[in-house]
Amino acid sequence: MKMAVSPTPALDSRMFRNVMGRFPTGVAVVTFLREGEPAGITVNSFLPVSMDPPLVLVSLRRESSAIHHLDVGDRYAVNVLSEAQQSLGAHFAGSPVAGLTVAFSRQQDVPLIPGSLAHIVARVVDVHEAGDHFLYIAAVEYLWQGNEAQPLIFYSGRYKQLHAHDPSTHFDDVLESW
Ligand SMILES: Cc1cc2nc3c(=O)[nH]c(=O)nc-3n(C[C@H](O)[C@H](O)[C@H](O)COP(=O)(O)O)c2cc1C
């Protein structure tokens, strides 16, 4: 469905970042093979797109080196980070942590980061250009979930922790209607 698009008004890019930052997200490292070697990029643009068929999406900056190693038919993994993996978030976001080595495991030839909250392995089925990013839509081929540990949260440009009330509050009515 195409819609008429009116010209975009000039926006303050700092304001755009700040306002988008008010939407809290998890943090994941997208892993893939770079010339046969494990590589990763920290993202918060991970999005489940479709249930049937199961499709996911990550949005990567045009300048990211990852875009030279991902195309239709290639696989990537989404490793959902726990709070205990905060150093990995920085490590794969262009600030390598000295001495940090990741003992990658493998699934369908894709590197996985042990200790993650969940792994999703998916094969790229579509790449869309979107402004200064590329959207990588991928068909899910493998799923794994670990224990329900504390996730790493990104909010207002900073890593945050998810604070549980004691006793914790459950909003079961909301979950059931999704
Ligand atoms: C919390 C967080 C979320 C990020 N999300 C994305 C993202 O969704 N897409 C993206 O292209 N870069 C994202 N980045 C930036 C990349 O991780 C960073 O630019 C990385 O260095 C790019 O990899 P490269 O140096 O191999 O190009 C994010 C960084 C952080 C810290």
Scanning the range 23-62 residue by residue, those in a loop (DSSP other than H, G, I, E, B) and within 17 Å of the chain's Cα centre (by Cα) turn out to be PHE23, PRO24, VAL27, ASN44, SER45, PHE46, PRO54, ARG62
Name the residues in the range 143-165 that are part of a strand (DSSP E or B) and of a type outside the set (S, T, N, Q), would you? LEU143, TRP144, PRO151, LEU152, ILE153, PHE154, TYR155, ARG158, TYR159, LYS160
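Residue-wise test of (1) of a type outside the set (D, E, K, R); (2) in contact with a strand residue (DSSP E or B) (Cβ under 8 Å, 6 or more places away or on another chain).
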position	(1), (2)
LEU33	yes, yes
GLU37	no, no
LEU55	yes, yes
GLY73	yes, yes
ALA84	yes, no
GLY89	yes, yes
Any residue at all in the range 53-62 that is over 17 Å from GLY131 (Cα atoms) and within 15 Å of the ligand (Cβ to nearest atom)? yes
So for the range 72-81 (the condition being closer than 27 Å to GLU148 by Cβ, within 10 Å of the ligand (Cβ to nearest atom) and in contact (Cβ under 8 Å) with a residue 60 or more places away in the chain), does at least one residue qualify? yes
Flagged pairs (Cβ under 6 angstrom, 6 or more apart or on separate chains; first in the range 33-51, small (Gly, Ala, Ser); second near the ligand (Cβ under 9 Å from one of its atoms) and part of a strand (DSSP E or B)) are GLY40/VAL29; SER45/VAL58; SER45/SER59
What are the residues in the range 13-48 that are over 30 Å from LEU162 (Cα atoms) and more than 15 Å from the ligand (Cβ to nearest atom), if any? GLY36
For the condition closer than 15 Å to GLY40 by Cβ, more than 16 Å from the ligand (Cβ to nearest atom), assigned to a strand (DSSP E or B) and modelled with pLDDT of 95 or more, what is the one hit in VAL125, VAL140, VAL121? VAL121
If I go through the range 80-118 residue by residue, how many of them are under 15 Å from the mean Cα position of the chain (by Cα) and either hydroxyl-bearing (Ser, Thr, Tyr) or part of a loop (DSSP other than H, G, I, E, B) (or both)? 7
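The values are calculated or read from the model by the stated rules, or taken from the named source; none is laboratory data. Quick caveat, the model's predicted, so the values are computed rather than measured. Here the Cβ is made from the backbone with ideal geometry for all residues, glycine too, and neighbour counts use every protein chain on show.
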